[in-house]
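As C-alpha cells, the structure follows; a few thoughts come after it.
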Ligand SMILES: Cc1ncc(COP(=O)(O)O)c(C=O)c1O
C-alpha cells in the first residue's frame, strides 16, 4: 500500500506524521471518508467542497488548491491499483509546539491520503438490518464547533459507538441538547412514515452527509418522494414504518431495532430496499474516473455529479 503525504507516496510502514503535529496533539484537523466504485471516485466534488467548508470553519488553510487535492486523491487510487476503495483524506493543522496556538504551526497543514478497502457491515446486515441504541452522550451544540465540521475530534462519536457495542447494537443515536434526534455516531438517520421520508435538518446538529444528499435526490427522482427535513424526537423513530441510515461506509442500511423496540415489521422495509438498490446502481455508474478511459470506450468517464 502506498500512502500520500504532502506530495509524496510512502510505503505503509514509512508513512508517518510528527508527534508535534497538532492533529495528533489536539485532534486539530479535518477529514473526509470517500468511496470509489468501479474505478470512479464517488461524489468527489461534494467531498472536496465539504473539506473546503470544514477548513474554512476552523481557520485552516488547505496546503493545496482543491484541483490539486483532487489529483492526489485520484493518484492514490491509481497507484494502489484499486477499483472499489475507501479513501481517507486527512488535513491536520501541521507541526507546532506543545501549546494550542495555531500560529505556531509554521510549516502549514499536513495532508495525507490513505486508499484502502473497506467492508463496514457484512451482507447479511443489509438484509436483516441494524440494531441501534440511544447514546447517553449528547450531540455537540451548534454554539460549539458545529457537528457539520468534519473535524478530527471524534471522541464523543467513538464513546457513543462503544455504548452501542456494549449493548449488543451496531450503531448509537445521538440526541441533541433539545432531545431531538440528530444523527448516529458515523451515519445520518432517516425514518419513513405513511409513505413520507423524514430526516433531521442541519440545525439539529448533523454532519451534512454526502450519502444523505444522494439519498434525498434518489428518493425524489426515483421514488417520487420528497424528503422532509424537520426536528423529531425518538418517538417518531419508534413508531416509524421504516428507519434507515446513510453514510459513506455503511451506504444505505436499515435499522430494525431501536432501544429494544422492533421498528415496523422488524426487517429491512420495502422503501429502504428500493433505496439500497437505487443507491448501488447509481454508485456504480457515476463518479470521477481514477483511470484513463480504455480506447474501446469501456469504462467511459461519467462526469461526477
Ligand atoms: C457523524 C457522521 N454523520 C454522518 C456521516 C455520513 O456522512 P457521509 O455520507 O458524507 O459519509 C458520517 C460519515 O462520515 C459521520 O461520521
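The values are calculated or read from the model by the stated rules, or taken from the named source; none is laboratory data. Because the structure is a prediction, the values reported are computed rather than measured. Note that we place each Cβ from the backbone using ideal geometry, even for glycine, and neighbour counts take in every protein chain shown.
Structure data summary
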{"read-out": "Residues being over 21 Å from the mean Cα position of the chain (by Cα), under 25 Å from residue 251 (Cα atoms) and assigned to a loop (DSSP other than H, G, I, E, B) - total across region 75-121", "value": "2"}
{"read-out": "Matching strands (runs of 3 or more DSSP E) fully within region 215-273 where at least 2 residues are farther than 16 Å from residue 188 by Cβ", "value": "251-258"}
{"read-out": "Out of 173, 189, sole residue that is crowded, with 21+ Cβ neighbours inside 10 Å, assigned by TED's automatic domain parsing to the domain that holds residue 251 and more than 11 Å from the ligand (Cβ to nearest atom)", "value": "173"}
{"read-out": "Qualifying residues in region 122-136 (those that are within 23 Å of residue 159 (Cβ to Cβ) and within 21 Å of the chain's Cα centre (by Cα)) - the one surrounded by the most Cβ atoms within 10 Å (Cβ to Cβ)", "value": "132"}
{"read-out": "Yes/no for residue 207 being within 12 Å of the ligand (Cβ to nearest atom), surrounded by fewer than 23 Cβ atoms within 10 Å (Cβ to Cβ) and under 19 Å from the mean Cα position of the chain (by Cα)", "value": "yes"}
{"read-out": "Number of positions in region 122-138 that are without any contact (Cβ under 8 Å) to a residue 60 or more places away in the chain and in a helix (DSSP H, G or I)", "value": "2"}
